[in-house]
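Notes follow the structure.
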Amino acid sequence: MSPRSPAVNEELRRRSRERLLQATVDLVGERGYEATTLGDIADRAGSARGLVSYYFTGKRQLFQSAVHRLMHLTLEAALERAPRAEDGGEELARAIDSVLGLAVQRPVLMRAHMAGILQAEGFVRCSEQQRLEFLLRGALERYGSADVDAEYPLLRALLMGAVFTVVVPGAQMPLERLRAELFQRYGLDWELGVPPGGEPPGGTRRTPAEPA
């Protein structure tokens, strides 16, 4: 048997890493972060346990990378959903809704993610996070932001704050209210993206032409 080519080896490594990332979000979503071990993740992924430390420096980095992968895959799917977005407002609305949707649909996972960011490790930068940043910055550019470098950190902070408010017991606010505040900040019509149903708080719709 001839040895595998470098390209084949690279593809196998990519698939192995992705299986670990997927196993991480699955297990943490089922059991919680503390109850999930690196051994559990390797077993679920069908990987040798030594591969976890080969790809990641520790459990926290693995977990943050896994959640950022889930976020950018969810955002990519939202942006590509038919009919494709024809303007930047629709793209930004879909971006906001995709992040809020994960907070509602995967609260255990997103709660653990927020807790990790608030701990000593802080915000882990990785290729998965960079892909998420690329997509969010692209949405801001097509929306027409005059200064994406300044606007992106603000959008990220607003989304993180909204996720925190959705998932943390005792601090929760209705999804509709949070969405309405974010849409008002960017002058987005309520009907863009994936509305949670019904009218926004107060029964009013705001269009980009209306003053903030």
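The values are calculated or read from the model by the stated rules, or taken from the named source; none is laboratory data. A quick note: this is a predicted structure, and the numbers were derived from the prediction, not measured. All Cβ positions, even for glycine, are placed from backbone atoms using ideal geometry, and neighbour counts span all protein chains on display.
Filtered by the rule that a residue be within 23 Å of Arg111 (Cβ to Cβ) and of a type in the set (D, E, K, R), the stretch 32-77 gives Glu34, Asp40, Arg44, Lys59, Arg60, Arg69.
Note on the stretch 119-163: residues that are in contact with a helix residue (DSSP H, G or I) (Cβ under 7 Å, 6 or more places away or on another chain) and on the phi > 0 side of the Ramachandran plot total 1.
Scan the stretch 45-70 residue by residue and report those that are among the basic types (Lys, Arg) and either touching a residue at least 40 places away in the same chain (Cβ under 8 Å) or assigned to a helix (DSSP H, G or I) (or both). Across the stretch 45-70, the qualifying residues are Lys59, Arg60, Arg69. The set of residues in the stretch 27-37 being crowded, with 17+ Cβ neighbours inside 10 Å and either basic (Lys, Arg) or assigned to a helix (DSSP H, G or I) (or both) consists of Leu27, Val28, Gly29. Filtering His72, His113, His68 for residues that are modelled with pLDDT of 95 or more, crowded, with 18+ Cβ neighbours inside 10 Å and either among the hydroxyl-bearing types (Ser, Thr, Tyr) or over 25 Å from Asp189 (Cα atoms) (or both) leaves a single hit, His68. Evaluation of Pro169 against the conditions (1) more than 20 Å from Leu188 (Cβ to Cβ); (2) within 15 Å of the chain's Cα centre (by Cα); (3) of a type outside the set (A, V, I, L, M); (4) surrounded by fewer than 19 Cβ atoms within 10 Å (Cβ to Cβ) shows that the sole unmet condition is (2).
Of all residues in the stretch 96-110, those that are surrounded by fewer than 22 Cβ atoms within 10 Å (Cβ to Cβ) and free of Cβ contacts under 8 Å to residues at least 60 places away in the same chain total 1. Looking at Ala23, Ala42, Ala77, Ala93, just one residue is under 15 Å from the mean Cα position of the chain (by Cα), in a helix (DSSP H, G or I) and either free of Cβ contacts under 8 Å to residues at least 24 places away in the same chain or under 19 Å from Gln129 (Cα atoms) (or both), and that residue is Ala77.
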